[in-house]
1. Kindly evaluate Thr155 against the criterion of being part of a strand (DSSP E or B) and within 25 Å of Leu42 (Cβ to Cβ).
2. Could you go through region 86-103 and let me know if any residue there is modelled with pLDDT under 95, more than 27 Å from Asp134 (Cβ to Cβ) and not small (Gly, Ala, Ser).
3. Only one of these is surrounded by 12 or more Cβ atoms within 10 Å (Cβ to Cβ) and out of contact with any strand residue (DSSP E or B) (no Cβ under 9 Å at 6 or more places or on another chain): Arg90, Arg103. Name it.
4. Check every one of the strands (runs of 3 or more DSSP E) wholly within region 93-151 and list those with 1 or more residues that are over 15 Å from the mean Cα position of the chain (by Cα) and among the acidic types (Asp, Glu).
5. Can you name every residue in region 106-118 that is of a type in the set (A, V, I, L, M) and surrounded by 15 or more Cβ atoms within 10 Å (Cβ to Cβ)?
6. For Ser73, are the conditions met, namely being touching a Gly at 6+ places or on another chain (Cβ under 9 Å) and either surrounded by 15 or more Cβ atoms within 10 Å (Cβ to Cβ) or of a type in the set (S, T, N, Q) (or both)?
7. For region 127-142, name all the residues that are in contact (Cβ under 8 Å) with a residue 12 or more places away in the chain and either more than 29 Å from Ser18 (Cβ to Cβ) or of a type in the set (Val, Ile, Thr) (or both).
8. Within the bounds of region 72-86, is there any residue that is outside any loop (DSSP other than H, G, I, E, B), under 20 Å from Leu43 (Cα atoms), out of contact with any strand residue (DSSP E or B) (no Cβ under 8 Å at 6 or more places or on another chain) and in contact (Cβ under 8 Å) with a residue 12 or more places away in the chain?
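The values are calculated or read from the model by the stated rules, or taken from the named source; none is laboratory data. As the structure is a prediction and not an experimental result, all values here were calculated from the model. Please note: Cβ atoms are built from the backbone with ideal geometry, for glycine as well, and neighbour counts cover all protein chains shown.
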Amino acid sequence: MQLPQPRLAPQAMGVTLSLAQRLTVERAPEGRPVATRSLDTLLELDTESLRLAAFALGQRVLTLTWDGNTLTSERHPLLPPEVDAAYVLRDVQWMYAPVASLRQVLPGGWQLEDSSNARILMHGATPILLIHYDTESRWTGRTRMENRLEGYSLTIESAQQAGS
């Protein structure tokens, strides 16, 4: 089983924004201690494209651009291979896209539940993605996603960029 990739066009996201974010990924592979990695990102979204630049230790390690048809990316050679532009786009869309847009692209056997502070993507009766929002706006504040299929958790802390 693979987690579906929504691949929604940028206009389907329903917002124009510019955010400064801190992404923290936690993974506990095969019972070993939890490995934690953090990246600082700048996320820009408008009706034409979704753009993200990720930085670690002051260096740009990943850039991605999604225009609704083509995903382009550049990555630093030292960036771990599990940090993949397609997965970053997928996670951003599962966390933040409007639920109606996501439901339109759900493959058979998948359901998406949504409430004011949580979202759960299920395959059959099995919860696969559990997303919790600390603020009502969802785009700002703290959001935490547990990916039970791929064995990691992602916490995103977001703040509006000045002037956006």
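1. Taking the combined requirement at face value, the residue satisfies it.
2. Among the residues of region 86-103, not one is modelled with pLDDT under 95, more than 27 Å from Asp134 (Cβ to Cβ) and not small (Gly, Ala, Ser), which makes the answer no.
3. Values: Arg103 fails: out of contact with any strand residue (DSSP E or B) (no Cβ under 9 Å at 6 or more places or on another chain).
Just one listed residue meets the conditions, Arg90.
4. On the way: elements: 110-114, 118-123, 126-133, 141-147.
In region 93-151, 110-114 are the strands (runs of 3 or more DSSP E) which contain 1 or more residues that are over 15 Å from the mean Cα position of the chain (by Cα) and among the acidic types (Asp, Glu).
5. Looking only at region 106-118, we keep the residues that are of a type in the set (A, V, I, L, M), and these are 106, 112, 118.
Leu112 - this is the single residue of region 106-118 that is of a type in the set (A, V, I, L, M) and surrounded by 15 or more Cβ atoms within 10 Å (Cβ to Cβ).
6. Values: touching a Gly at 6+ places or on another chain (Cβ under 9 Å): no; either surrounded by 15 or more Cβ atoms within 10 Å (Cβ to Cβ) or of a type in the set (S, T, N, Q) (or both): yes.
For Ser73, the condition - touching a Gly at 6+ places or on another chain (Cβ under 9 Å) and either surrounded by 15 or more Cβ atoms within 10 Å (Cβ to Cβ) or of a type in the set (S, T, N, Q) (or both) - is not met.
7. Just the residues of region 127-142 that are in contact (Cβ under 8 Å) with a residue 12 or more places away in the chain, to begin with: 127-134, 136, 138-142.
Passing the criteria: Pro127, Ile128, Ile131, Thr140.
8. Kept after step one, since they are outside any loop (DSSP other than H, G, I, E, B), are these residues of region 72-86: 72-75, 85-86.
Next cut, under 20 Å from Leu43 (Cα atoms) only: 72-75, 85-86.
Those left that are additionally out of contact with any strand residue (DSSP E or B) (no Cβ under 8 Å at 6 or more places or on another chain): none.
No, region 72-86 contains no residue that is outside any loop (DSSP other than H, G, I, E, B), under 20 Å from Leu43 (Cα atoms), out of contact with any strand residue (DSSP E or B) (no Cβ under 8 Å at 6 or more places or on another chain) and in contact (Cβ under 8 Å) with a residue 12 or more places away in the chain.
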